[in-house]
1. Excluding residues on the same chain fewer than 8 positions from LYS46, give the lysines whose Cα lies under 27 Å from its Cα.
2. Could you tell me the calculated FRET efficiency between ALA345 and SER314, based on Cβ-Cβ distance and R0 = 35 angstrom, to the nearest 0.05?
3. Just the projected area, averaged over all directions, of the convex hull on the alpha carbon atoms of the stretch 27-123: how many nm²?
4. What do the square roots of 5 times the Cα gyration tensor eigenvalues come to for the stretch 537-695, in whole Å, largest first, as semi-axes of the equivalent ellipsoid?
5. What aspartates and glutamates could a cross-link reach from LYS629, if we take a straight Cα to Cα line under 18 Å and drop same-chain neighbours fewer than 8 places away?
6. At 222 nm, what value in deg cm²/dmol follows for the chain if DSSP H runs of at least 4 each add -39500 (n - 2.57) and the sum is divided by all its residues, to the nearest 500?
7. So what is the relative contact order of the chain, in percent, for Cα pairs below 8 Å that sit 6 or more residues apart?
8. Pull out the extension gain between LYS432 and ALA207, defined as 0.36 nm times the separation in residues minus the alpha carbon to alpha carbon distance; nm, one decimal.
Amino acid sequence: MSLLEETGGASPADVLPALDLSTPELYQNRELSWLDFNQRVLEEAKDPRVRLLERIRFAAITSSNLDEFYAKRVGWLHRQMRVQPQATTIDGATIASQAQLVRERCVAMRREVERLWTGELAPALAREGIEVVSCDSLEPIALDRLRDYFTSSIYPILTPLIVDPAHPFPFISSETLSLALTVRQSHSGEERFARVKVPQNRPRFVAVDERRFVRLEELIAINAGLLFPGMELVRWSSIRVLRTADIGSPGEDAEDLLELVEAELRRRRLAEAVALELVGDVPAAQLEMLLHELGISESDVDLLSGPLRLTDLSQLADLPLPGLAEEPFTPAVPGPFSGLPSEEAVFSVIRDGDVMVHHPYESFDQTVSRFIDIASEDPNVLAIKHTMYRTSPDSPILESLIDAAGRGKQVAVLVELTARFDEATNIDWARKLENAGVHVAYGTFRLKTHCKISLIVREEPDGVRMYAHVGTGNYNSRTARVYTDLGLFTAAPSICGDLVRIFNHLTGSARLESRELLVAPANLRDELEWRVRREIDHAKAGRKALLRFKMNALEDQDFTRLLYEASQAGVRVELVIRGICRIRPGVPGLSDNIVVRSVIGRFLEHSRIYMFGNGGDSEYYIGSADLMKRNLDERIEVLTPIRSPALQDQLSHTLDVLLSDERQGWELRDTTWSRDASVEEPGTHAILLAEAPFS
């Protein structure tokens, strides 16, 4: 029962004395809250208002999100279960109870995605002339073409692995799709278990012709005779192993952090299994062998209907079918970056006043990447300092930094080696940068460097001047096309001076301090809390008090409690939260003044905005930090103030659109998310696309 139901509609004055803000039940469970978010993503796949290929894409995203959740959070729960199953998290739930609830919801969501694909999306795609068919339904000439393709392009890649006294059980890597086969020796009749890994570097859906596809695993299965000559295929099924990525840090600083992270990656490959997904008939003896070899129990087996690894539906979502997907768009080039008389004129534009850009509505390549590229070629630029958390394997920004070092500029890059799932890419870039003469520093396991900052030092007629970019998202030109993020270009000496001090800390272990920027873990938590308490003071004095925050997650218990205190004092609290949300809004006497919205749609909401009403003299900040304990206390984060009234108006308008969206917006009431499924008017992303450029 929710608190709204428990209070029976009593007035806040009647309820307030009974509410103790340390009560665990006032805080939503982190894991279940994240699963609520993924359910909202799945609802986009189920929504008939969404174009068909986009619905298929959302089904793929839902599946991909679940894989990552298994690796990060289910793995963490497994590890905690072995140590302290009856320990509780801040919401009062035991590790054991969470593990059970999470598993039930994850399996249910997997099955829901499967049913949606097989029962609705695949038939809808077939009505548009595109079918995923069984090999059994194909005519001989089509089967011959597929056999030729298999022989030339698939067969040489495959490695058939049989299990017998001479061949041990093969290692099965995480998330990969495999065929579990039973094969019979023709001369002895003896049956053996065999495994064939379905290659991830081949299309999962193999084209038969322009309108038909077959699944790669079925194509492999019908050609198993080529893989196991002299043997008969008795049966086959699809299996997938999910392993944890939460293997824990080494717990100590290393003399060579790069080598330490490489070792961690090798350990992760061998990390423990947390689930076995299975489609088809596997004999009891073989299932027992799988459980034994993987070190899991029968309760960790998910019997599904298939197909497995629906993340691969993204291949079908990319089909060129006009009218079935969102119209492509070209990001706008904001006014200050267009029509410049020369490339270096961008510095005079920034010197004349702060510029803010909003991706993907405004081009990342023509603003952020261009800024670094111009700096790399400008003979007046003396130094470039930059952070890298996640990037693409073909990053134009890092190529520009390598070019800058080759031109004799002082270039320093802080590479965060421990950005989860991007470690290998970051290691590769770290080596390339070092080989090019770039000064490379690494984060530590104790404090990840998550801030998005870049600093240009330039010789000008009136002396040395600095230019900066502070963003909310990664310096990644690929994700910048689909993630909503903000970035500030500024030449303000106070901000640039703070960035010098931050970079000195990152590269030289100087004391972490700032005067204008809010920086974690130095002052970010204290400064944000002080501003919230200032709003509480305004409310108690009878003045208008307002907080408007946009973030990816509200997880920190202390900050959640503080927002409850603000609501009780009369502060209006408006939150736009993409994912995890601890707070329970709309509860009488507790959170009457709190509104929580979540926007799910074409782009992934990723920007962070913090607005404080301040009695009419509003303050705005943007940056890399969510209200999570890890961001506030365990990472290097940066929030920058937005001082320009025009840019503040831009942020205010963006928040207005997000909070008023009746099409893509969901509202949280206590613990239940809901939205109006009948609204047809444009949502947040369509509105902001239509309005770009903002500058």
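1. Result set, ordered by chain and number: LYS72, LYS550.
2. On the way: r = 41 Å, r/R0 = 1.16.
For ALA345 and SER314, the calculated efficiency is 0.30.
3. Details: hull surface 25.1 nm².
Approximately 6.3 nm², given one-decimal rounding.
4. Working: eigenvalues 105, 80, 57 Å².
Three semi-axes, in Å: 23, 20, 17.
5. GLU31, ASP91, ASP246, ASP526, GLU527, GLU529, GLU555, ASP556, ASP558, GLU637
6. On the way: 23 runs with 245 residues, N = 695.
For the chain, the value works out to -10500 deg cm²/dmol.
7. Details: 1301 pairs, mean separation 91.7, N = 695.
This gives 13 percent for the chain.
8. 77.2 nm
Read the figures in this text as sums done on the coordinates, not as results from a lab. Remember, predicted model here, so these are calculated numbers, not experimental data. Using ideal geometry, Cβ is built from the backbone for each residue, glycine included, and neighbour counts are taken over all protein chains shown.
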